[in-house]
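All remarks here apply to the structure that follows.
The values are calculated or read from the model by the stated rules, or taken from the named source; none is laboratory data. Not measured: the values here are computed from a predicted model. Neighbour counts are summed over all protein chains in view; Cβ atoms, including those assigned to glycine, are modelled from backbone coordinates with ideal geometry. Accessible surface areas use protein heavy atoms only, side chains included; no ligands, DNA or RNA. Shrake-Rupley method; radii C 1.70, N 1.55, O 1.52, S 1.80 Å.
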Amino acid sequence: MLRIAEVHAVEILDSRARPTLAVVLRTPQGLKVRAGVPSGASTGRREAVELRDGDPDRYGGKGVSRAVAAVNGEIADALTGREFDSFREVDDALRELDGTEDKSRLGANALVGVSMAAARAEALLGDRELWEHLAAVAGARPRLPVPHFNVVNGGAHADNPLDFQEFMVAPLGAPSMAEAVRAGAEVYAALRGRLAGLGEPLGLGDEGGFAPTVTLEQPEEVLELLVGAIGDAGYEAGRGGVALALDPAASGFAADGGGYTVAGESLTSDQLIDRYEEMVDRFPVWSIEDGLGEDDREGWTRLTARLGGRVQLVGDDVFVTNPGIIAEAVQAKIGTAALIKVNQVGTVSETLDAVRVCREAGYAQMVSHRSGETEDAFIADLAVGTGCGQIKAGAPARGERAAKYARLLEVADARPGLEYGWVRAR
Ligand SMILES: C=C(OP(=O)(O)O)C(=O)O
Ligand SMILES: [Mg+2]
C-alpha cells in the first residue's frame, strides 16, 4: 500500500548542463525519496515525448519548466492523499491523467520521475532494497549484470570524426562484479595511455569515454586500439576476458535517400552488414546495438538472419523500450535483444512489461543509462532486479556514470550470494 503525502519536482541540471527534473516524493510515514530524470540525445522517433519548453530565450528552448509545472500542479493534485495498491497503480494513474499515447501532454520526463520515486518509496515501505522490490514485482531472479563501459565516444555524443556513437568494453569473463569494474577501470587507464601516445587530446564525450579527434576515423581503427588497451591492462580480449560491444546508433549516419555514410563512404544496408561481419571476424565484438537505422526494417531482418547467431543484436531506437513495438519486432525477426531505458517508455511498470515481453520471446535485455544523466543510480537496481545480466552506464569515470557502478558494487558487497554475469536469453 502506497500513500502519497506530497510529490514535488525541482528543475536541476543534467550531466550535459541541460535542465532536467528531480522529483521528491513523501509519504505520511515520514519517508522521503528522490528520483533524477535522465535525457537522451540520439533518441528514437517513437520514444515517449520529453516535454521541453521551446522558449528560445531559456536554455535554447530546452527548459523543463512546463514539465516541472505538470508535476507540481496536475500530477500533485491527482496523486496527493491517494492510496495505491502498488506503484503500477500510480503509473496507471499517471498515464490516464496524461491521456496521450506518447505521454506528450504532461511529458514523459515528468511522468518517469514520479514513477521512479513511487517505485523507490514502495520498496522502502516494504523494507526492501529497490532491486529486491523490482525483482519481486517482475517475478525475476536477481543477478549482477555485466557492465558495458563506453570508453570511446563518437556520433551524437562527441564532436569528433567518429560516426559510430559508442565503443564499449564488457568484462564477460570476469569472476565477479568487483573484478568487472576493476577491469573496466584498468582498460580505461590503458586506453588513456595509448591515446596520449598517439598525440590525441584526452577530452571526453557525453558518456565519459574518450573523444579522439585526430588519428581515428574508421570504426575498425578504434576496435584495434581497444584490443591493444585490453592487452596492455593484462586482460584477454574476448568472451573469456574482456569483450567488445558497439552501439553505432546507425540512425545517426543514415543517408537521406537510404543507405549510410561511414567516414565519408556511402554504404548500402548490405554493405554495412558485410562490414559488421568483417568486424566480428576480426575483433572480439560480442554485441552490436542499432547496427542499422530505425526505419531500415528490411535491413534489420537481413542483419538478424545473417549475424544473429554469432553476435547479440540489440534494438534501441528501433524498439524504444515499448512492449508493443518489441512484440511486433519479435514477429518480424528483428534483433535478438532489447535495450531497456526507463525514460524511453515513460514509466517503470511499462519498462518491466518490456522486459517481460523480451523474456517470453527469448530476447536478451541490456538496461541502459542516457547520454544526459543525473547521479541517480536507479538503473543499477533495475538491472539487478530484472536479472537481465547486462547494463551499460558509460565510462567508469565521471560521477553520474560512476554512481551506477558504485551502486552495483554496493549490492555485490551486501549480497555475496548474487551471481554475476551474462545470461543466455533462452
Ligand atoms: C544511451 C544512448 O544515447 P542517448 O541517451 O543519447 O539516446 C544510446 O543511444 O544508447
Ligand atoms: Mg543506443
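Determine the distance separating the Cα centre of the stretch 295-347 from the Cα centre of the stretch 245-274; give it in Å without decimals.
Each part reduced to its Cα centre gives a spacing of 17 Å.
Measure off 7 Å from each Cα along the Cα-to-Cβ vector at Asp92 and Ala263, then give the distance between these two points in nanometres to one decimal.
5.4 nm
Kirkwood hydrodynamic radius for the stretch 2-127: how many Å is it when counted over pairs of different Cα atoms?
The Cα-based Kirkwood calculation yields 14.7 Å.
For the stretch 85-211, just say rounded, prolate or oblate: build the C-alpha gyration tensor, square-root its eigenvalues into a ≥ b ≥ c, call rounded for a/c under 1.5, and beyond that prolate if a/b exceeds b/c, oblate if not.
Taking the square roots of the gyration eigenvalues as a ≥ b ≥ c, the stretch 85-211 is oblate.
Which GluC sites (Glu not before Pro) in the stretch 98-201 pass both tests, a DSSP loop state and at most 15 other beta-carbon atoms within 10 Å?
Glu101
Could you point to the residue in Ala174, Val187, Gly197 farthest towards the positive end of the stretch 140-273's charge dipole, with +1 and -1 charges on the Cβ of Lys/Arg and Asp/Glu respectively?
It is Ala174.
Give me the distance between the Cα centres of the stretch 386-424 and the stretch 70-134, rounded to whole Å.
First find each Cα centre; the distance between them is then 25 Å.
Restricting to Cα pairs below 8 Å that are 6+ residues apart, what does the relative contact order work out to for the chain? Please round to a whole percent.
20 percent
Out of the DSSP beta bridges found with both residues in the stretch 183-321, what percent are antiparallel (nearest 5)?
Taking every DSSP beta bridge with both residues in the stretch 183-321, the antiparallel ones total about 40 percent.
Using the heavy atoms of the protein chains alone and a 1.4 angstrom probe, what is the accessible area of the chain per residue in square angstrom?
The answer is 37 Å² per residue.
Using r as the Cβ-Cβ distance of Arg141 and Val214, and R0 as 45 Å, what FRET efficiency do you calculate, to the nearest 0.05?
0.45
Name the residue farthest towards the positive end of the dipole of the chain from the options Pro38, Val68, Ala402, assuming +1 on Cβ of Lys and Arg, -1 on Cβ of Asp and Glu, about the Cα centre.
Result: Ala402, furthest along the dipole toward the positive end.
With a/c under 1.5 counting as rounded, go ahead and sort the stretch 367-426 into rounded, prolate or oblate using the C-alpha gyration tensor (a ≥ b ≥ c being the square roots of the eigenvalues; past the cut-off, prolate if a/b is larger than b/c, else oblate).
oblate
Over the chain, what percent of the accessible surface lies on carbon and sulfur atoms, probe 1.4 Å? Before the final figure, lay out the partial values.
On the way: 7350 of 15570 Å².
Answer for the chain: carbon and sulfur cover 47 percent of the accessible area.
Could you tell me the largest-minus-smallest coordinate of the C-alpha atoms of the chain on each of the three principal axes, in descending order and whole angstroms?
Here the spans come out as 60, 50, 43 Å, largest first.
Let me spell out the model: positive unit charges on the Cβ of Lys and Arg, negative unit charges on the Cβ of Asp and Glu, origin at the Cα centre of the chain. What dipole size does that give, in debye rounded to 20? Write out the running numbers ahead of the final one.
Details: 44 positive and 65 negative charges, 209 e Å.
Approximately 1000 debye in magnitude.
Only helical DSSP H runs with n ≥ 4 go in: add -39500 (n - 2.57) per run for the chain, normalise by residue count and round the 222 nm mean residue ellipticity to 500 deg cm²/dmol.
Only helices count here, giving -11500 deg cm²/dmol.
How large is ³J(HN,Hα) for each residue in the stretch 60-77, as worked out from phi by the Karplus curve 6.51 cos²θ - 1.76 cosθ + 1.60 (θ = phi - 60°), to whole Hz, x for Gly and Pro?
So the Karplus estimates, Gly and Pro as x, are x, x, 9, x, 10, 5, 5, 5, 4, 5, 5, 5, 6, x, 4, 5, 4, 4 Hz.
Just need the relative contact order of the stretch 2-127 here, percent rounded to a whole number, with Cα pairs under 8 Å and 6+ apart.
So the answer I get is 33 percent.
What is the distance in Å between the Cα centroid of the stretch 32-52 and that of the stretch 156-176?
22 Å
Explain nothing, just the number: relative contact order of the stretch 17-81, from Cα pairs under 8 Å at least 6 residues apart, as a whole percent.
28 percent
Just name one of Val345, Trp131, Ile230: the one whose Cα is farthest towards the positive end of the charge dipole of the chain (beta-carbon charges, Lys/Arg +1, Asp/Glu -1).
Toward the positive end, the furthest listed residue is Trp131.
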